[in-house]
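Bear in mind these aren't lab numbers, they're just calculated from the coordinates by the rules spelled out. What you see is a predicted model; the values in this text were computed from it and never measured. Cβ: placed from backbone, ideal geometry, glycine included. Neighbour counts: every protein chain shown.
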Amino acid sequence: MDKLQMHSPDFTQENIAKLAGLFPNCVTESKSEDGAVKRTIDFDQLRQELATAIVEGPQERYQLNWPGKREALLTANAPIAKTLRPCREESVNFETTQNLFIEGDNLDALKLLQETYLNKVKMIYIDPPYNTGNDFIYEDDFAEDAGAYLERSNQKDETGNRMVVNSDSKGRFHSDWLSMMYSRLKLARNLLSDVGLIFISIDTGEESNLTKIADEIFGQENRLASVVWEKRFTRSNNAKTFATLTERILCYRKSTVLSEVKEPRNEKADSTYSNPDNDPRGVWTSVSYVNPATKDQRPNLVYSIKNPITGVEVVHATNAWKYERSVHENHVVEKKLYWGVNGGNTYPRLKKFLTEMDGGMVPVDLWDRKSVGTTDEASKYLADILGAKVFDFPKPYTLIQRALRLSNSSDDIVLDFFSGTAPTAEAVMQLNAEDGGKRKFIMVQLPEACDEKSEAFKAGYKTIAEIGKERIRRAGKKIKAENALTAPDLDIGFRVLKIDSSNMKDVYYAPDAVQQGDLLAQVDNIREDRTAEDLLFQVLLDWGVDLALPITTETIAGKQVFFVDSNALAACFESGINEEFVKALAARHPLRAVFRDAGFGSDSVKINIEQIFKLVSPTTEVKAI
């Protein structure tokens, strides 16, 4: 019987199998012998993608480089042996919700999510530390190979000790921040669907560096916009030079499969439509019929047009028309040309009817404060919800809603792995309430300790993660109450999952390290402090099963069995498994079945279990941990 691996994927080996099209960071620019710049493959970078140790490469090329970049790539690719442990007491509607709140290091979280959510996330929004000199950043250990990293990652977490202040007096001020972002964005790209979008908030300090590494990871051709957000409207007299009223939000797509991005129409846009000539097709607006190109540039678009009201034929004095003659003739037949009141316009304009605008509007790269809110408004709103000012400079959830609306479907998975006070979760719930959508969120936040002198700590919040969870609870209740009639089935719950060391004892990963005197203690390969539900979630991770699927428990032949999504997976981790039980479970025909390796009543049961399933339920995949 096969065993589950119980650690995150080894991306080095996966990269070898994928090569083509997966590594935009391996495409660079170099000079040919004649001095011309051409796009080439960066083989040093490709070697690093496929290596388990740091690869040196002296060749000059166009790229952003810094001390620790190769180590950051190595760390992103290295597997870990950790798990997610469910925490029912901190969750809301644990049994039915499809939302997740993951507490722990976001690098570990992104690795743990790879199997389950590969290419499934429609939108990512993150608001990472801006590296101002006072920010906390993750202190990743880049100075070890994959084997050492795997061994270390199987130890107890040092929760709360992974964040350090990145002072601008440090010699690696920019390098440490870039390494932190590089490894996480590499993993985040894997999770995005082919039509997915990622939005990254940043200020001017690291904007240029972030743009370069995002160009490398996602491909420059997939950079869609650097959105300007008007975060405040009053100048600060404390500024020495310029007062900053805006921030940037970088937007990238996963691939060119996403060829068009539109946002829903709004009342302001629709107000430009009218019907002065009582056209039976409804309200319309008009656009110019004149081409920016001159007659010499587009001679095929030069012809005379007859004004049907005055009978005058016109040709533009300097420019061509926008459309070929055959297309123009269709416009005439369809009566789509507008010549003004009583035909008084010199040149025609083309009617665009509101009924033709179902695809929405082209988004703009300026998001003003009136439409998406400001930092001050977000601070006041959060203080009102939580009863105290517990967080500095939160993002307004309305800002993230604007990004969410650029997605065309209403059942997306939305990820935020720097979730902070979880405005992204509130944005998802609020938008679902407004349009009846079924979007699901995954929030990831380190339990970063609140300063004991802070208002948050005085209000009872020991960590930033606690603030985020309570914000979701309160915001969810508020949204539910406000939309009780229109959205009675709104999902305002979330499953809390906490990153921890593997459920498996060290012997599972390093059997050669066990002494003879330890053998009796290692008969069972599961840690003593782990519950059956802990084991279930590690199985879900390893098998790539959605962590938000409904879970039920039943008793079969006296044994507790977990059923995930009805019959997608059946798991029993009890001891004393016998053939009677196995036959009863096989009769349910689950898609997958998993048992505890030390749970079989005898060796014969363990040997016969696969044969029993082959006879009773041949399509069931059977494994043990």
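Key figures for this structure:
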item: Calculated FRET efficiency for the pair residue 271/residue 457, C-beta based, R₀ 45 Å, to 0.05; result: 0.40
item: Likely footprinting exposure, 361, 429, fewest C-beta neighbours within 10 Å first; result: 361, 429
item: Difference of contour (0.36 nm per residue) and Cα-Cα distance, residue 619 to residue 389; result: 77.2 nm
item: Sequence-separation-based contact order of segment 267-356, relative, with Cα cut under 8 Å and 6+ spacing, percent; result: 35
item: Simple spin-label estimate for residue 478 and residue 194 in nanometres, 7 Å along Cα-Cβ; result: 4.1
item: Greater than 21 Å apart at Cα, pairs in 438/477; 370/440; 212/498; 82/438; result: 370/440; 212/498; 82/438
item: Distance in nm between pseudo-label sites at residue 293 and residue 584 (7 Å out along the Cβ direction from Cα); result: 7.7
item: Of 343, 379, 404, farthest towards positive along the dipole that unit charges on Lys, Arg, Asp, Glu beta carbons give segment 305-464; result: 343
item: Options 436, 454, 472, ranked by Cα towards positive dipole end of segment 427-474, top entry (Cβ charges); result: 436
item: Loop-located GluC sites (Glu not before Pro) in segment 295-333, at most 11 other Cβ atoms within 10 Å (DSSP); result: none
item: Restricting segment 388-475 to GluC sites (Glu not before Pro) in coil, as DSSP defines it, with at most 13 other Cβ within 10 Å; result: 452
item: Extension gain, residue 204 back to residue 303 (0.36 nm per residue minus Cα-Cα distance, nm); result: 30.6 nm
item: Net lengthening on full extension, residue 486/residue 361 (0.36 nm per residue, minus Cα-Cα); result: 42.4 nm
